[in-house]
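In what follows, a single structure is set out as C-alpha cells and then discussed.
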Amino acid sequence: MRLVQFHAADGRRQVGLVSADGNHLQPLAGVATTLELAKQALSDGAPLEDLVRARASDQAIDYDELLHEGRVLAPLDHPEPGRFLVTGTGLTHIGSADARNKMHALQHGVDAAESDSLKIFRMGLEGGKPARGQIGVQPEWFFKGVGTCIVPPGGPLPLPAFALAGAEEAEIVGLYIVAPDGSPYRIGFALGNEFSDHVTEARNYLYLAHSKLRSCSIGPELLIGDLPEEVHGISRVRRNGEVVWQEEFLSGEAHMSHSLANLEHYHFRYPMHRRPGDLHAYFLGAAVLSCAAGFVTEPGDEFEIQAPVFGKALRNRMAPEADQGYVAVTPL
C-alpha cells in the first residue's frame, strides 16, 4: 500500500492511495495530509492500513498528470517545518564502504591509510544485527536539516555557490511520528535522494557534517507496512535528456550491515528525538554513488531514483544558487 500527497486542481491539499495499476490516485476522505492521517491512526489505536482502506474514495485521479504539472508533494511534511527533523546514517549497506573508500582514495590516493569509514563499516558487519530486542553496535549518524530542506519530487535541488560538488545518494528513508506519550511510530518508507557534497567530505572526514547540510528530496510515494528484505533499484543521472551514468542498487536488510531495529534504536534513544508531535525523516544509507565511479555531475543534471516496490521514480534536477557572499552577524 502506497500513498501520495498532492495539490488538487483547486489548490486543496489531498492524500491519495496509489491504485493497483500505479497510475491513478484514490483521494482519502476526511484528511488533507499524511500527518493528519498518522495522528488519526494514533488516536484511534488502529493500523494505518485499515484507516486508509476505510477512507479511500472511488474517484481516480491521473497520477502522471499530477507529476507533470508539479502538483505532487513530499509524502510527509509538517506545518511547522522546524518540527520535522531530517537525519541519516551511512556505511549501512554491503558495498557502501567500498563506495566511500573509493571516494576517499580519489582525494587522498590509493596508498592512504585505512579510512575511519572502512573501520566503522567493519564494526557494523560484526555487530550491527543483534538478536531481536538486543542492542548492537552504534552506526554512523548525521544531522541534515529540518523540513525546509526537503524539496518535493520534481523540484530543483539547489547547489550552493560555496559547494565543491553536488551528487545524488539513492536511499530508502524511514518516516516517523512521535506519539503524545513520547513513543516513536514508523509511518512508512519512501525513496530519497540525500544529495551531498562528496568532495568536501573527502577532504577530511570531520567535514562530513558540513557536506550533509544540503537540500534533499523524498518520494513521491510513501510505502506503508514492512520494508521488503530485498529492494532492487536503479540510480541514474541524465544530462540533456540522455543517461550519462547509471547503476543498480540493492537495499533492504538482506543487503545491509545493520538491522532496521538497531538503526532506529540508536536514533530514538535520545530524549530530544522523542518530543511528542515531531516528525522524523531518517535516511538509511546509500549502496552506490556516481562520484565513487569517478563521475562528475554538472548543474542541470537530472537525478532519477527508482525501485519497483516504491512505484514512480523520484526525479530532481540540480540547479546552481547565486553566491550569497559573506554572512555577517549583527550584535543586538
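The values are calculated or read from the model by the stated rules, or taken from the named source; none is laboratory data. All values reported here derive from a predicted model rather than from experimental measurement. Note that each Cβ is placed from the backbone with ideal geometry, even for glycine, and that neighbours are counted across all protein chains shown.
Annotations for the structure displayed:
- The selection criterion, being outside any helix (DSSP H, G or I), surrounded by 14 or more Cβ atoms within 10 Å (Cβ to Cβ), small (Gly, Ala, Ser) and in contact (Cβ under 8 Å) with a residue 12 or more places away in the chain, holds for residue 16.
- Which numbered condition residue 190 fails, given (1) among the hydrophobic types (A, V, I, L, M, F, W, C); (2) part of a loop (DSSP other than H, G, I, E, B); (3) buried (at least 23 other Cβ atoms within 10 Å of the Cβ): (2)
- Total residues in the stretch 43-70 satisfying the condition of being in contact (Cβ under 8 Å) with a residue 60 or more places away in the chain and surrounded by 19 or more Cβ atoms within 10 Å (Cβ to Cβ): the figure is 4.
- Qualifying positions in the stretch 234-243 - surrounded by fewer than 16 Cβ atoms within 10 Å (Cβ to Cβ) and in a strand (DSSP E or B): 239, 242, 243
- Of all residues in the stretch 1-13, those being in contact with an Asp or Glu (Cβ under 7 Å, 6 or more places away or on another chain) and free of Cβ contacts under 8 Å to residues at least 24 places away in the same chain number 0.
- Total residues in the stretch 19-40 satisfying the condition of being over 20 Å from the mean Cα position of the chain (by Cα) and touching a residue at least 60 places away in the same chain (Cβ under 8 Å): the figure is 2.
- The stretch 123-140: number of residues that are in a helix (DSSP H, G or I) and either outside the structural domain of residue 93 (by TED's automatic domain parsing) or surrounded by 13 or more Cβ atoms within 10 Å (Cβ to Cβ) (or both): 4
- Taking (1) in contact with a strand residue (DSSP E or B) (Cβ under 8 Å, 6 or more places away or on another chain); (2) modelled with pLDDT of 95 or more; (3) crowded, with 17+ Cβ neighbours inside 10 Å; (4) not in a strand (DSSP E or B) in turn, residue 262 satisfies each apart from (1).
- Restricting attention to the stretch 282-332 and to residues that are in contact with a Leu (Cβ under 8 Å, 6 or more places away or on another chain) and of a type in the set (S, T, N, Q), the residue that is surrounded by the most Cβ atoms within 10 Å (Cβ to Cβ) turns out to be 316.
- The residue list 46, 32 contains one member that is at pLDDT below 95 and not assigned by TED's automatic domain parsing to the domain that holds residue 183, which is 46.
- Taking the numbered list (1) among the acidic types (Asp, Glu); (2) surrounded by fewer than 24 Cβ atoms within 10 Å (Cβ to Cβ); (3) under 17 Å from the mean Cα position of the chain (by Cα); (4) under 26 Å from residue 64 (Cα atoms) in turn, residue 247 passes all entries but (3).
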